[in-house]
Structures are given as structure tokens and as C-alpha cells.
Amino acid sequence: MNRASWSCFLLKRKSLEELKQIHAQGVIQGFLHFQPASCKILNAYASFGRIAEAEMVINQIQDPDVVSLTSLMSLYLQINDPNKAFSVFLDIVSAGYRADSFAMVGAISACGRKENLGHGKTVHGMIYRLELVDDVFVNNALIDMYSRNGRLRTAQTVFNSMGVKNVVSWTSMVHGHIKCRNLESAYHVFTEMPVRNAISWTTMITGYIQCEDPIRALQLFQRMRLAGEMPTVVTLVGVLSGCADIGALDLGQSIHGYICKTNTDSDLTVLNSVIDMYSKSGSVETAEKVFKSMAERDVYTWTTVISCFASHGNGSRALQLFSEMLAAGIKPNEITFLAVLSACSHTGLIEEGRRWFDRMRGFHDLEPKLEHYGCMVDLLGRAGHLDEALRLIEAMRVDPDGVIWRSLMSACLVQGNMELAVEAGKKIIELEPDDDGVYVLLWNMFASGKRWKEAQKVRRLMIKRRVKKKPGYSWIEVNGIAHQFLVEDKTHHLYKEIYSVLEGLSKQLLPDFI
């Protein structure tokens, strides 16, 4: 096999075993000294995610050039190891090579991901020396790097200085504003974009999801579909998450239908999101139906369906699925145990909860987090084991947060242990002084016990800290569009029509109350 045919055959390889055979032939026949061929085999290993083999290729090249080393940098970035990627860049510089735009993009991306502004500025200086300041790809990477490091003004300066901007440049600025949690500015940049692609839409949609504004995310998704833009897997996962957050079942079902029509239902991440959406929208049977139809399941699939039954009070079914998961050889993670402990808590399965909490650390070598302790405190508290719950809090290997104390306080109120409830309430105020709910609860407790001095003390503390009771709000879905309402809300664009209907309903219902 000559060099050309070996290289051509490499491009057609279909399995990892086949690739290893080709690699062996390359070593035997000395083809790895041929840099383009070595880069192809390196990238081939990268496509399989085989880090050790890719590093072996580099070590077998006598004098790796910039192209080979840049390929290795890209591999490290692909597996999210920016420190190793930057280390390779330092090797390029120390070897005296002139870094090209691809190497510089890799170095900047590494600085952005590891959030090292100092290294990023150094690389930016090298870009000027190498006269790469007009390269659009380099500038796009700079925008992303400065945004990840919280330097949005510098990112904007780079953006404004660009003579040529592409859709990636604009999308990078949108992402930068989202990274700094400035959604209004992000949306302004998004509306100014001369051209948008699926990634641009997805960036803005997922930005709303991440910043807990699912209503606007779903509205923007509707606009994306009307604009004729094809959603990506990331888009679908994002909007399904938005539907799950507010229980928009109708829209979620339509997205599921779209997924089936476009054959995206073969993607495991998407199907996991579908199960989660149906679960949080209250459609447990459909969630289980999707789960049973899946040919492949990973730990997240099992965890999602276990959480589904746990959150809907069917702890027995959740634990049954957990047993099936273990029997299938799937190793549970911390989130899985959180779902299992939650199932025990919601169903009052005390012994099972104690057993799995102990086995989590002892048998599965997983250290409990705050959330796991919270589930156990809730489980013990609901069962009336307040002293055991308090001992568990005091023995925690991490500092308890407001959620832990709130669980204990709620249990104390149910069990009528006012003194321990007051102590838990004081702990919550220390940790979360702006939480309006705990002040109200403490005031009501003192007032119900006619402990007026203490009640007034809570009231004065609330006024002193300017804590105000936050208004509650609700969502309703109409024709696939989710609407948000506050009490006596007049900000909705159809509020006049809404109040007119409410007034009509009140007149019809009034005779029933006379």
C-alpha cells in the first residue's frame, strides 16, 4: 500500500478496529512521517474520542509541525481540557514555529474556557505581532474569550473594530451579553443581526432558558419556526426544558411530534428531554411510554424516569425502576440517588431511604451533597423523627444551607414543635436575610402562640432590612402560547378583555354565594 492509497483508505475507515489496523500499517511502513497523513489519523482518533491513541500518534512523529500540534489542541478542546490545549500551544511557541490563525484560535478558545484573562491578553498581543488582527475567525474567538472572562466592553471593542463580520461574530456578541446575564442587550444585538442562522436563534433561546425566562424562550422558538429556520438538537432540548419549566404540555407535544417527523427521536439527549417534559407537565403515562419505546438508555434516561415517578408520589415504582437500572448494569450517579431519596421522601419510605443513603457513600463511593442531605432531612421530618433529622444536620460534612433548615422548619410546624421551628427559622434568616417567606412564617407562629413581643421583633427586623413579600404569579397556555399573570396584573396586552370576561364570570357566579 503506497502513501496516497493509505491516506485515501484512512478517509473511508468505518470502525475503530479498522483505524487501529491502518495506524499499525502506517507505523510499519513509515507513513507517519508524512504530516498530512499523520494529521488525518490523529483527527480520525479524535472523531472516536480516543485521546491516548491520538497522543501516541503525536509521539510517533519525529518532528510534529504546527498542523499536527494544532490538531492535538483541537482534540483537547473537544474533550474540554483547555489546560492541555494551551500547553500544546506553548510547545508550538517554544519550538519556534510561527503560529497560524488556526493555532491562535485554539489558544484563545483555551484561555476562554479556563477563564484565564492574563493568558488571553498575552495571546491577543501575539495576534498583533503576527498581523492576524483582520482575521475574522481570530476576532470571533477573542470576542468569546473576553465575554467568558466578564470583559464585555473589551469584547465589544473587538467587535466594533472588525472590518468584516459574519454570523458567528454577531452570535458571539449575543452569547457574550447572555454570559453577563444582560438579556435585553443580548436581544438588542440579536435583532440587529443582518443574517441569523439556527445557532443564533438557539443561543438566544437557550439564553432565556438559562436566565429563567421560559416564556420569552418559547415565544422566540415560535418565531424561529415561522422564519423557516430548522431547530438543532440543542434548540429542541432547550425549548423542551422551557416547556417543562412552565408545564406547557400542548407546545411540548407539538415539539415531540416535530421530533418524530424529523427523525430526531434517535437522539438520546432529545428523548431524555421529552421524558422530562412530559413528567413535569403531569403526563406520567406518556413519559413512561416514551421510556419503554427507547432502544438505548443511559444513566440520564433512567434518572429522568425515576425522577418522574418520584415527583408524582409513586415511590414504589421509582424504586422498582432503580432496581431494574442496577440489574441492567447502569452505574447510578449523584442525580440518580437524589431521585431515589426524593422518591423515598415523597412516599414515606423511611427504611429504604436510610439504606440507600448509606449505600450511596459506602457501596457506590459517592459523597452526599446538600441536596441529598435535604432529602433525608425532609424524609425524617415528615415521619416525625425531628431529633434524628437535627442530628443529621449537625453531622453533615458540608455547611447546611437555607433549604436544609427550611425542610426542618416545615416538618416542625407540621409536628407542632414550635421551639425547634423557631431555631430553624432563625438559621434561615442568618443565611437568607432577604427571604420574605420565613419572616411571614415566624410572625404567624409567634402570633398564633400570642407571643406578641417576638412577633413585633420579626416585623421590625423585616422593615429594617426592607424585605417585602414577593407577589405570586401563574402561567396559562392558550393555543401553544404561554402567558404569565400577577395578581391584579394590567401589563398583559389583552388585560381589558381578560377583566371583562372575569367580570362576566363573577356576575354569573354571584347568585351561588348569596
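The values are calculated or read from the model by the stated rules, or taken from the named source; none is laboratory data. Just so it is clear, the model here is predicted, and its values are computed rather than measured. When we count neighbours, we look across all protein chains shown, and the Cβ atoms used for this are built from the backbone with ideal geometry, even at glycine. Surface accessibility is based on the protein's heavy atoms, side chains included, excluding ligands, DNA and RNA. Shrake-Rupley method; radii C 1.70, N 1.55, O 1.52, S 1.80 Å.
Hey, any idea what % of segment 294-419's accessible area is carbon plus sulfur with a 1.4 Å probe? Provide the component values of the computation, followed by the final result.
Numbers: 3000 of 5960 Å².
Ligands and nucleic acids excluded, carbon and sulfur reach 50 percent.
Could you give the length gained by full extension between residue 101 and residue 363, i.e. 0.36 nm per residue of separation minus their alpha carbon distance, to one decimal place?
Numbers: separation 262, 0.36 × 262 = 94.32 nm, distance 4.98 nm.
Full extension of this stretch gives 89.3 nm more.
Per-residue accessible area for residue 423 at 1.4 Å probe radius, Å² rounded to 10?
The accessible area comes out at roughly 100 Å².
For residue 129, what charge total do you get from the other residues with a beta carbon under 15 Å from its beta carbon, if Lys and Arg give +1 and Asp and Glu give -1?
Values: positive: 98, 121; negative: 100, 131, 134, 135.
Within the 15 Å Cβ shell, the charges total -2.
Kindly provide the chymotrypsin sites (Phe, Trp or Tyr not before Pro) of segment 60-165 that DSSP labels as loop, not H, G, I, E or B, and whose Cβ sees at most 10 other Cβ atoms within 10 Å.
The qualifying sites: there are none.
Using the heavy atoms of the protein chains alone and a 1.4 angstrom probe, what is the accessible area of segment 164-294 per residue in square angstrom? List each step's numbers first, then the result.
Values: 5770 Å² over 131 residues.
Result: 44 Å² of accessible area for each residue.
Work out the length of the dipole vector of segment 93-191 about its Cα centre, built from +1 on the beta-carbon of each Lys and Arg and -1 on the beta-carbon of each Asp and Glu, and round it to the nearest 20 debye. Please list the in-between numbers first.
On the way: 11 positive and 7 negative charges, 68 e Å.
Dipole size: approximately 320 debye.
Go ahead and run the numbers for FRET between residue 508 and residue 211, Cβ-Cβ distance against an R0 of 41 Å, rounding to 0.05.
On the way: r = 41 Å, r/R0 = 1.00.
Computed FRET efficiency for residue 508 and residue 211: 0.50.
What nm value, rounded to one decimal, do you get for the distance between residue 298 and residue 452 when each label is placed 7 Å out toward the C-beta?
About 6.3 nm, to one decimal.
Using a Förster distance of 30 Å, how high is the FRET efficiency between residue 494 and residue 182, based on the Cβ-Cβ distance and rounded to 0.05?
Working: r = 29 Å, r/R0 = 0.97.
The value I calculate is 0.55.
If each residue of separation counts as 0.36 nm, what is the full-extension length gain between residue 191 and residue 391 once their alpha-carbon separation is subtracted?
Numbers: separation 200, 0.36 × 200 = 72.00 nm, distance 5.51 nm.
Taking 0.36 nm per residue and subtracting the Cα distance, the gain is 66.5 nm.
Taking 0.36 nm per residue of separation and subtracting the Cα-Cα distance, what length does fully extending residue 423 through residue 126 add? Don't skip to the answer; put the middle values down first.
Details: separation 297, 0.36 × 297 = 106.92 nm, distance 5.89 nm.
Full extension of this stretch gives 101.0 nm more.
Mind jotting down the distance between the C-alpha centroids of segment 379-405 and segment 226-270, whole Å?
About 39 Å separates the Cα centre of segment 226-270 from the one of segment 379-405.
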